[in-house]
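Enquirer: Can you read through this structure? Questions will come right after.
The values are calculated or read from the model by the stated rules, or taken from the named source; none is laboratory data. Since this is a predicted model, take the numbers as computed values, not measurements. Using ideal geometry, Cβ is built from the backbone for each residue, glycine included, and neighbour counts are taken over all protein chains shown. Surface areas here come from the heavy atoms of the whole protein model, side chains and all, with no ligands, DNA or RNA. Shrake-Rupley method; radii C 1.70, N 1.55, O 1.52, S 1.80 Å.
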Amino acid sequence: MQPDTDPPIAEFRATTKMFGEVGAARDLNLSIRKGEFLSFLGPSGCGKTTALRMLAGFEAPTSGDVLIDGERVNDLPAHRRPVNMVFQHYALFPHLDVTDNISYGLRQRRPRPAAAEVAQAVEQALETVRLPGYGRRRIWEMSGGQQQRVALARAIINQPKILLLDEPMAALDRKLRRDMQIELQSLQRSLGITFILVTHDQEEALSMSDRICIMRAGRIVQIGSPRELYDRPNSRYVADFVGKSNFFAGTVSRVEATGTALAVAGGLRIIGTAAPGLAPGQTASASLRPEQISLAHGTTTADGTTCVPVRVVNRIFLGEHTEYLVQHDDLGAFLVLVPRQAEASEGSFEPGEPAFAIWRDGTALILPEDA
Amino acid sequence: MRLYALAVYLFLYIPIGIIALFSFNAGRYAAQLQGFSTKWYGIALNNPFVVDALHTSAVVAATSSTLATIFGTLAALALPSVRGPLRTIIDALIYIAVMVPGIVIGIATLIALVTVFGWLNPLLVALWPFAEAAPQLSMGYGSLVAAHGLFAIALVIIIVRARIAGMDRSLIEASDDLGATPWGTFRQVTLPQIFPGMLAGFLLSFTFSFDDFIIAFFVAGSKTTLPIYVFSSIRRGVTPEINAIGTMVLAVSLGLLVIAQFILQRGRRPTT
Ligand SMILES: Nc1ncnc2c1ncn2[C@@H]1O[C@H](COP(=O)(O)OP(=O)(O)OP(=O)(O)O)[C@@H](O)[C@H]1O
Ligand SMILES: [Mg+2]
């Protein structure tokens, strides 16, 4: 990935796309770095595909600009843009075999590349997507996973400046999806092409991307590396979307450099780090990740911790961890993730049992309620 | 219920079967079977009137279905961009064109053409700059092709439009994305996708024109198509020769229909 200072490979500048009254994308501002793996993540209908299609050239922005490699491309038709797309349902040409599908892009070039050259490039592309020898197959003779590889080969053979992927894994089963994610990621590293992926699968985005752009109702809510988004979400929406979290609503009672206190139900106070701009008296939510909370059979009065009595409601065994759903009289139900060795020392907790939930003060994030 | 259905089928197909059977009759009377022979086919195909009628029918069918396929396809491609009330009207007209009885098309075309020729012919005479007599517009190939083409074009539009509607729009976007110009996309993606529809439309149009008697009867003028020939000879009695002609027409029509059906079915093969 290039350093921040190099010119971006693509940019949205105050880009808005309206479909009649519907603002599919509103005021997008985003610089895409050369060689990075960027994901658009968000729920259905939030405008991910629209953003991607504006880069591909299938939609023109209603206002604002789209730039590719420093050039304003608002009115450049798709067939003249140096980007290629892998479609959600692959959109392979059913009347052409695998080879002719893959070579399609090269065969559109003028002057036409030599047949031997094309054949060799196809050979190599098939190698890259690990489908050697499948060249003369018909499309409908290929499995879903194989079709997706063909779609990928058809796009990368053109050596685009940006590869756009619209939920390419949505039609694959879980196991295959996992394999393809790993393959896509290593492919991106080895080709050095900028990848832009659209997905509503947070795990997919977290595991594959250098940066994630979280969208909501046509707007970009936050951009950052997976770790940044996980550790420092700027809103309850992001914290909820990236990983699991417990939220406790309350009112900001004190803001200090050492920590912000949030008064929540039952006279309890949760101390945490606040997002900038929070003032006392404002309503906000404290976000505590399940792994930031521990469970104990006995209470503790250790300094700098909060300990509340709970009742175990449910237990889900996850291998290395056990996830407990516990109930507090005032805070309600929340999740606690207990690692295996902690359970070994503390013993396990049975549903129905009383226990104590403990967290260190300051670990919570105090986030503004979503506008 | 089953028996009833069986009876209906027998009623429908026995006459056709009998025609085919008697066309191979060695005897000269249509009423009694006298051994197997293909001589009536030979006689029919050596009859200059039959050959002439066959030629007329083939030319009219080929011309009208070719024109209908070209213009019907163009119309079907353009229609998706027409919206609103105009679209509703066009759609209705297309379906009406297919449903109007042949006799109405025949009479209407006849009256329309006679009227137009009535206006144009004196004009032609008046404006003709050469010494010889001016040519006169009259019923014939032109009117046959026009009347058959009219019906066939609606048929082609309906069939091709169904293909276009069933086509995955993202294929066109994929082609665009891969650098094909709009014309390149049309040639390499759209056309191969709708081609089965065009071919099926062509074959159905051809069959329709080749078999048609009613419309042709009104607008053929001095021309004799095969169905018209058959009709006029029947007045002199049904001969095994007529049976042979009927069987040949049947074979050609059925063959084309089966091919058309096969193409349409194959075009529907699932792809993703
Ligand atoms: N061609 C269109 N005409 C009208 N509205 C559209 C069109 N395309 C998208 N929209 C609307 O724009 C909004 C964003 O759509 P978009 O396809 O970008 O969502 P998405 O984030 O990709 O969702 P999904 O995860 O379901 O694919 C939606 O409300 C959608 O209904
Ligand atoms: Mg989408």
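Enquirer: Are there any GluC sites (Glu not before Pro) in segment A:244-341 that are in a DSSP loop and have at most 14 other Cβ atoms within 10 Å? List them by number.
Expert: A:GLU320
Enquirer: Dipole size in debye (nearest 20) for the protein assembly as shown around its Cα centre, Lys and Arg Cβ +1, Asp and Glu Cβ -1?
Expert: Using only the charged Cβ atoms, the result is roughly 2200 debye.
Enquirer: Give me the summed buried accessible area for the A-B pair, 1.4 Å probe, to the nearest 100 Å².
Expert: Protein heavy atoms only, the A-B interface buries about 2000 Å².
Enquirer: Here's another thing I want to ask about it. Using a 10 Å Cβ count of at most 12 others and DSSP loop calls, identify the longest part of chain B lacking such trypsin sites (Lys or Arg not before Pro).
Expert: B:84-234
Enquirer: Next question, about the same structure. May I ask for the percentage of alpha-carbon pairs in segment B:48-268 that lie more than 28 Å from each other?
Expert: Here the tail beyond 28 Å accounts for 42 percent of pairs.
Enquirer: Let me ask something additional. Sequence-distant or interchain residues sharing an amide H contact under 5 Å with A:GLN222, placed H: which?
Expert: A:ILE214
Enquirer: A follow-up question, please. Need one value for A:102-112: mean number of C-beta atoms belonging to other chains within 10 Å of its residues' C-beta atoms.
Expert: Other-chain Cβ atoms within 10 Å of each residue's Cβ, averaged: 3.
Enquirer: Could you count how many Lys pairs in the protein assembly as shown have their Cα atoms under 26 Å apart, skipping same-chain pairs fewer than 8 positions apart?
Expert: Lysine pair count for the protein assembly as shown: 9.
Enquirer: How many nm is it between the label spots at B:ALA126 and A:THR273, if each spot is 7 Å from the Cα in line with the beta carbon?
Expert: Those two pseudo-labels are separated by 9.6 nm.
Enquirer: Next question. What average number of partner chain Cβ atoms lie no more than 10 Å from the Cβ of the residues making up A:51-64?
Expert: Averaged over the peptide's residues, the number is 1.
Enquirer: Going through the DSSP H helices of chain B, which span 30 Å or more along their own axis at the Cα atoms while scoring at least 1.0 as a mean Kyte-Doolittle hydropathy?
Expert: Membrane-span-like by this criterion, though nothing is claimed about a membrane: B:2-23, B:48-78, B:102-127, B:141-165, B:240-267.
Enquirer: I need the chymotrypsin sites (Phe, Trp or Tyr not before Pro) found in segment B:122-224, filtered to DSSP loop residues with at most 14 other beta carbons within 10 Å of theirs.
Expert: Qualifying residues, ordered by number: B:PHE130.
Enquirer: Which percent of the accessible area of chain B is formed by carbon and sulfur heavy atoms (probe 1.4 angstrom)?
Expert: 74
Enquirer: OK, next. Using only Cα atoms, tell me the angle between helix A:144-156 and the longest principal axis of chain A; keep it within 0 to 90° and round to the nearest 10.
Expert: 70
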